[in-house]
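Taking it in order: structure first as structure tokens, then the write-up.
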């Protein structure tokens, strides 16, 4: 992957933090090609959009990396989610 492509991606992702919910919803439609989930907060919208943009440019996570992420996302025993 070339440095300019990565720099452009980083710049585009950095700009997401300044967008309000309606602009993020519009960006969601562009990136995902579907309507955004209703009642989704701006913080989650921007993280999901950033992840998808990275995936489109850099490719998806390897299966072993996805498993690691799932394990890390599990609630600790004895705690409620």
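Residues in region 56-79: is at least one modelled with pLDDT of 85 or more, in a helix (DSSP H, G or I) and either in contact with a helix residue (DSSP H, G or I) (Cβ under 7 Å, 6 or more places away or on another chain) or on the phi > 0 side of the Ramachandran plot (or both)?
Within region 56-79, one or more residues are modelled with pLDDT of 85 or more, in a helix (DSSP H, G or I) and either in contact with a helix residue (DSSP H, G or I) (Cβ under 7 Å, 6 or more places away or on another chain) or on the phi > 0 side of the Ramachandran plot (or both).
I'd like the full set of residues that are part of a helix (DSSP H, G or I) and more than 21 Å from residue 4 (Cβ to Cβ), limited to region 31-48.
Once the filter is applied, which keeps residues that are part of a helix (DSSP H, G or I) and more than 21 Å from residue 4 (Cβ to Cβ), region 31-48 yields 32, 42, 43, 44, 45, 46, 47, 48.
What residue, among those in region 7-27 that are in a helix (DSSP H, G or I) and either touching a strand residue (DSSP E or B) at 6+ places or on another chain (Cβ under 9 Å) or in contact (Cβ under 8 Å) with a residue 24 or more places away in the chain (or both), is farthest from residue 45 (Cα to Cα)?
9
The values are calculated or read from the model by the stated rules, or taken from the named source; none is laboratory data. Remember, predicted model here, so these are calculated numbers, not experimental data. Cβ: placed from backbone, ideal geometry, glycine included. Neighbour counts: every protein chain shown.
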